[in-house]
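Since the structure comes first, as structure tokens, the remarks are kept for the end.
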Amino acid sequence: MRRVRKALPLLGCVLLGCALLAWFAPGAWLRRDETPPTPPRRTAYEPAAFIDQAQDHLRRHPGDTRTWADLGGAYLEQARRTGDPAFYGRAQGAFQRSLPDIDAVIGMGALANARHDFALALRWGTRARTAAPYRWPLYAVLTDAYVELGQYVKADRVLRHLLDGRPDLVSFTRAAHLFHLRGQSARAREALERARDIASDPADYAFCVWQLGELAWSDGDPRAALSAYTEALAADPSHTPSLAGKARAEAALGRLADARRDYADAVTRSPSFVVEYGELLQHLGDQAGARRMYAVFRAQVKLQAANGVTDSLAVGRYEADHGSPAVAVRELRAEWGRRHSVDVADALGWALHRAGRHAEAARYAAYADRLGGRNALFAYHRGEISRALGRTSSAHDELTRALTINPYFSPDGPAKARAALGDVGLGGAGLGGAAPRGPAKARPALGGAA
């Protein structure tokens, strides 16, 4: 008993010490009847609402690095939805406030991909994999970077790892893209349907169905594409790519008033589709309207450059068809120095052809076909280049292939392909389904009415 009495003062000191430690431990500034602040929860479907909540939360708790990283992701989503490049700078600032948090590292990689700096995205993704190899979103960053850099074997390897570890919407949609690049439409469709079936919210569902529409469009089925785009918009009316796709399909089906209305609505939401709309207007003889759309594109390029976005591929494609082929060659040569993707190869080959350098163009056009994809526009480009070189048989095969894959691949392209087939003496009758022959300006729809 005497020992217990002697121990009581010591026990009291220990308990007092514990109480003081608890009081002065992290979060001790809270009153004992308070609970720690709960940060807002980010949802993909309502990034604008989350941004407001996160900004309010961070004004009161600026040290919450997790919310800073989530805010950066929401800014990226808004940039994708609105086409406003100013959100990229805000995303970068939010991610930098969160570094070295691993979510911020992954976010910086996603931001670099969005800005078309794919080499930088690869560095961020590699850094994330070194620090936290089981954080699955980093493999999406790496897959996107490898695909855009033209390193398809590495993209396959990383994507296979992602599919093994996290078979979800992110991995299935990327698998579909790689299948499509290789011309494996059935496998691409299967992957997209699996992604659609597990979509967790309307925005994800709309994204998957839109991709199914894009696949149907590229395979020359505008009716199926229109159905998919309409379904996507029913799930998420704000999904602008589906609205632009709907306009494209309507034009192919001869519903020109609907197409013009939906294109006009789409470009007011996002300038990403102004060149596409301008080409339709030009095809329909509205030269003034087309010039307005092209002027918007040039202004958007300057705005993007001011916000750290360089899209030499889009600029090169525009210049090759609507501006200066020499400028297109310069832009695309620089892009080819950064990455060897099939998209850049096709665009550079076409720019060289437009600049009169057909033999050099043929080498890049051949490279663009290295994956065996079913791309009507690429095939048309190869056909025209072969025709310029006097390779009649090759020209016939490629032009026929373009019209077979998708007889609606561009506003003027199908009519030009048929005219080119006539020039090589093999004709174009019966090619590309019901799309009629004749001069492009006489056509009421993309390649003709279905």
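The values are calculated or read from the model by the stated rules, or taken from the named source; none is laboratory data. Keep in mind that what you see is a predicted model, and the values were worked out from it rather than measured. Positions of Cβ are backbone-derived with ideal geometry, glycine not excepted, and every protein chain shown enters the neighbour counts. The protein model used for the area step is the full one, side chains on, heavy atoms only, and it has no ligands, DNA or RNA in it. Shrake-Rupley method; radii C 1.70, N 1.55, O 1.52, S 1.80 Å.
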Task: the range 316-340, subset more than 22 Å from E398 (Cβ to Cβ) and within 20 Å of the chain's Cα centre (by Cα), residue most open to solvent (accessible area, probe 1.4 Å) - done: R338
- [ ] Quick one: in the range 269-299, of everything that is part of a helix (DSSP H, G or I) and at pLDDT below 95, which residue is least open to solvent (accessible area, probe 1.4 Å)?
- [x] P271
Task: Yes/no for G422 being at pLDDT below 95 and open to solvent by 60 Å² or more (accessible area, probe 1.4 Å) - done: no
Task: Cβ-Cβ under 9 Å pairs, at least 6 apart or on other chains, the range 195-220 side farther than 15 Å from A244 by Cβ and at pLDDT below 95, far side of a type in the set (S, T, N, Q) and not in a helix (DSSP H, G or I) - done: D201/T43; A203/T43; A203/S238
- [ ] Would you please name the residue that is most open to solvent (accessible area, probe 1.4 Å), looking only at residues in the range 384-394 that are assigned to a helix (DSSP H, G or I) and over 15 Å from G349 (Cα atoms)?
- [x] S393
TODO: From A355, A395, A388, grab the single residue that is within 19 Å of R317 (Cα to Cα), out of contact with any strand residue (DSSP E or B) (no Cβ under 7 Å at 6 or more places or on another chain) and modelled with pLDDT of 95 or more.
DONE: A355
- [ ] Collect the residues in the range 395-406 that are charged (D, E, K, R) and either crowded, with 21+ Cβ neighbours inside 10 Å or within 19 Å of L181 (Cα to Cα) (or both), keeping them in residue-number order.
- [x] E398, R401
Task: Subset of the range 182-211 [open to solvent by less than 30 Å² (accessible area, probe 1.4 Å) and assigned to a helix (DSSP H, G or I)] - done: S185, A188, A191, L192, A195, A203, A206, C208, V209
Task: Positions within the range 303-315 being open to solvent by 40 Å² or more (accessible area, probe 1.4 Å) and either β-branched (V, I, T) or modelled with pLDDT of 95 or more (or both), in sequence order - done: T310
Open item on the list: Take the conditions touching a Gly at 6+ places or on another chain (Cβ under 7 Å), at pLDDT below 95 and either of a type in the set (G, A, S) or open to solvent by 40 Å² or more (accessible area, probe 1.4 Å) (or both) and apply them to S238. Does it pass?
Closed with: no
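Which one is most open to solvent (accessible area, probe 1.4 Å), of the residues in the range 341-383 that are outside any helix (DSSP H, G or I) and closer than 23 Å to P414 by Cβ?
Across the range 341-383, the extreme among qualifying residues is R374.
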Open item on the list: Checking A361 against (1) touching a Gly at 6+ places or on another chain (Cβ under 9 Å); (2) more than 15 Å from Y380 (Cβ to Cβ), only one condition comes out false. Which one?
Closed with: (2)
Task: Condition check for R255: open to solvent by 50 Å² or more (accessible area, probe 1.4 Å) and in contact with a helix residue (DSSP H, G or I) (Cβ under 8 Å, 6 or more places away or on another chain) - done: no
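Here is a yes/no grid of residues against (1) touching a residue at least 24 places away in the same chain (Cβ under 8 Å); (2) assigned to a helix (DSSP H, G or I); (3) in contact with a Ser or Thr (Cβ under 6 Å, 6 or more places away or on another chain):
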residue	(1), (2), (3)
A228	no, yes, no
L233	yes, yes, yes
S242	yes, yes, no
A249	yes, yes, no
V267	yes, yes, no
- [ ] Residue by residue through the range 41-93, note down the ones that are open to solvent by 60 Å² or more (accessible area, probe 1.4 Å) and within 26 Å of V296 (Cβ to Cβ).
- [x] R80, R90
Open item on the list: Checking the condition hydrophobic (A, V, I, L, M, F, W, C) and modelled with pLDDT under 95, which residue from I102, I51, I106 passes?
Closed with: I51
Task: Residues being among the hydrophobic types (A, V, I, L, M, F, W, C) and closer than 12 Å to N307 by Cβ - total across the range 86-106 - done: 3
